[in-house]
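Working notes, structure below.
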Amino acid sequence: MPYKRILVPVDGSSTSAKGLATAIELCKETGAKLMLLHVVDDYPAFAMPDIGVNVAPMLEALRQTGRTTLEAIADKAKKAGVHPETCMVENLGERVADSIVGKARRWDADLIVMGTHGRRGVKRALLGSDADLVVRYSPIPVLLVPPAERAAITS
């Protein structure tokens, strides 16, 4: 089944760049449309212990970083021969994974492509994984792209 609408969450990291590269190749092979999604994670702004802190400047900085990131990544995709749509959403207190799955559903994506950090053990338990949550809760197929330096599993 050729994919027609591929959504890629991007944040400017090397792991999201790996996911993007894979999605671009899929788009070129299948002619699929590409949606680049940046989620403004506002949790740090609201997790401050001080009551009465003005979070507006922090939120605006996060939004501006998101706009800059999306623009730069869209330019990379265009140079690779794919003309993406872009979207930025704020998670407004929900998990980043919920924002990703929600946008994929609203956009009618038939594949989500994500880079993954490849964390294991304690790091994974402590830091969590947006990719794990997307896989767990998405009704849409998810393709996870591991980091290049991931060690092979030997039997």
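Observations on the model:
- Qualifying residue in the stretch 124-136 (condition: surrounded by 19 or more Cβ atoms within 10 Å (Cβ to Cβ), at pLDDT 90 or above and not hydrophobic (A, V, I, L, M, F, W, C)): no
- Considering residues of the stretch 1-43 that are part of a helix (DSSP H, G or I), of a type in the set (Ser, Thr, Tyr) and buried (at least 16 other Cβ atoms within 10 Å of the Cβ) only, the residue nearest to the chain's Cα centre (by Cα): 16
- Condition check for residue 148: assigned to a helix (DSSP H, G or I), at negative phi and either modelled with pLDDT under 95 or among the hydrophobic types (A, V, I, L, M, F, W, C) (or both): no
- Check on residue 143, modelled with pLDDT of 95 or more and surrounded by 11 or more Cβ atoms within 10 Å (Cβ to Cβ): yes
- When the stretch 24-37 is filtered for residues that are under 17 Å from residue 69 (Cα atoms) and in contact (Cβ under 8 Å) with a residue 60 or more places away in the chain, the ones remaining, listed by number, are 35, 37.
- Failed criterion for residue 118 (all others in (1) assigned to a loop (DSSP other than H, G, I, E, B); (2) at pLDDT 95 or above hold): (2)
The values are calculated or read from the model by the stated rules, or taken from the named source; none is laboratory data. Note that this is a predicted model, so its numbers are computed, not measured. Note: ideal-geometry Cβ built from the backbone for every residue, glycine included; neighbour counts use all protein chains shown.
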